[in-house]
1. Go through the stretch 128-143 and give me each residue that's in a strand (DSSP E or B) and more than 8 Å from the ligand (Cβ to nearest atom).
2. Identify the residue in the stretch 166-176 that is within 16 Å of the ligand (Cβ to nearest atom) and either outside any loop (DSSP other than H, G, I, E, B) or aromatic (Phe, Trp, Tyr) (or both) and, among all such residues, is farthest from Glu76 (Cα to Cα).
3. Search the stretch 40-58 for residues being in a helix (DSSP H, G or I) and under 14 Å from the mean Cα position of the chain (by Cα), and hand back the single one that is farthest from the ligand (Cβ to nearest atom).
4. Just to be sure, is Ala137 among the hydrophobic types (A, V, I, L, M, F, W, C), modelled with pLDDT of 95 or more and either surrounded by 14 or more Cβ atoms within 10 Å (Cβ to Cβ) or in contact with a Cys (Cβ under 8 Å, 6 or more places away or on another chain) (or both)?
5. Do you know which of the residues in the stretch 112-127 that are assigned to a helix (DSSP H, G or I) and surrounded by 15 or more Cβ atoms within 10 Å (Cβ to Cβ) is nearest to the ligand (Cβ to nearest atom)?
Amino acid sequence: MILLTLYGPIISDFISLLWRACRVMELGVLAAALAVVLGLVVYALMTGVAPAPTSPRVASVMLDLIPPGIEGVVFELGSGWGNLAFPLARRLPRCTVRALEISPLPWLFSKVRHRVEPLTNLSIRRADFHPVALGDAALVVCYLFPAGMDTLKTKLEAELKPGAYVLSNTFSVPGWRPEAVRRADDLYATTVYLYRMPE
Ligand SMILES: C[S@@+](CC[C@H](N)C(=O)[O-])C[C@H]1O[C@@H](n2cnc3c(N)ncnc32)[C@H](O)[C@@H]1O
């Protein structure tokens, strides 16, 4: 009884402190989740495309389409969470894979992923790919959106060297004749296009 009288107020203070701490933490977690969602939405609106990752099945079809013996620089334009960048770097050890992503959260995630799997032939940069020169590319890989492919087409035609390859998930380059087209056996029967710049 004496103990309860002595410690009762302390215990009750402790419980109310704990309760308030939980509320503050809850609010913190909520605020962080909101910031993450907002960040993703803002960049999706800015670029016109959400950071939807390429599925392993589609990635495997894309990797299989890459011509053997390719060497040099590979660009991934809009590398998202790294779902293509890492398999590309693993599959092409003699190439330098340059992954460019503008949206901060997917970029940060892929940077952490790079710490965990430090592939030396992969660099991941937070950047808008539009001003990046593609002149030394042997292969350009992308998974964008129809209007984005229109804009990209002009850039590719102006900058890519003859013989360079372009590999696109889902969206074709308007007006170009693909060298190969494959369908993945996923739910959407996703189409993958491979192009080669005329020599
Ligand atoms: C559909 S996601 C594909 C992600 C990744 N390539 C994959 O296949 O898993 C398209 C990504 O392109 C990025 N993106 C769009 N426009 C961009 C730009 N101008 N510069 C850099 N990244 C861009 C988006 O933020 C998004 O993460």
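The values are calculated or read from the model by the stated rules, or taken from the named source; none is laboratory data. As the structure is a prediction and not an experimental result, all values here were calculated from the model. Don't worry about glycine lacking a Cβ; one is built from the backbone with ideal geometry, like all the others, and counts go over all protein chains shown.
1. Ala137, Ala138, Leu139, Val140, listed by residue number.
2. For the stretch 166-176, the residue satisfying everything is Phe171.
3. Applying the filter and picking the extreme gives Pro56.
4. yes
5. Arg113
Conditions (1) among the hydrophobic types (A, V, I, L, M, F, W, C); (2) out of contact with any Leu (no Cβ under 9 Å at 6 or more places or on another chain), marked per residue:
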| residue | (1), (2) |
| --- | --- |
| Ser12 | no, yes |
| Leu18 | yes, yes |
| Val36 | yes, no |
| Leu45 | yes, yes |
